[in-house]
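What follows is one structure encoded as structure tokens, with my remarks underneath.
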């Protein structure tokens, strides 16, 4: 009785390359389809705006200076600036807080439709973290809209128009 030579049962390189090619193809189709959904994109943009506002409020307290939100022309996004007019670097990673929707493929088509603040001043936070003005920021994507509300003084944030309620947990 002769024994047959045993073949290795290892995962062949060809199988692995096939798996990677199929996975890449699926991701190339699925990711744009997911982020192409207007409701997902607009909701994520509104949630990111709310988180950025909270970050700016915290930055004002930590830095001991006033921080402003400057909304870009054509509704293309926003940036945080200090009293000197310079972009505010985030404490977490040192990059300036600036969102440009049309430069970011994920938020392509999102616009700051309108900014309506009490007193007509810019949205800003003082060194104590108080919102100098309150009001509403409306974001849009095609015909869909989401409204971000900022309460004067406390800076509490609420968002209308999301598929599920968003809670400002850091007030």
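A few notes on this one:
- The chain, relative contact order [Cα under 8 Å, separation at least 6], %: 18
- Sum of -39500 (n - 2.57) over DSSP H runs of 4+, divided by residues of the chain (222 nm, nearest 500): -10000 deg cm²/dmol
- The angle between the Cα long axis of helix 38-63 and the longest principal axis of the Cα atoms of the chain comes to about 60 degrees, rounded to the nearest 10.
- Rounded to 10°, Cα long-axis angle of helix 13-35 versus longest principal axis of the chain: 30
- Computed label-point distance, nm, for sites residue 154 and residue 44 using a 7 Å Cα→Cβ extension: 3.1
- Measuring r between the beta carbons of residue 164 and residue 87 and using R0 = 25 Å, the FRET efficiency lands at 0.15.
Only the coordinates and a few stated rules stand behind these numbers; no lab work does. Note that the structure is predicted; figures quoted are calculated from it, not measured. Virtual Cβ from ideal backbone geometry, glycine too; neighbours counted across all protein chains shown.
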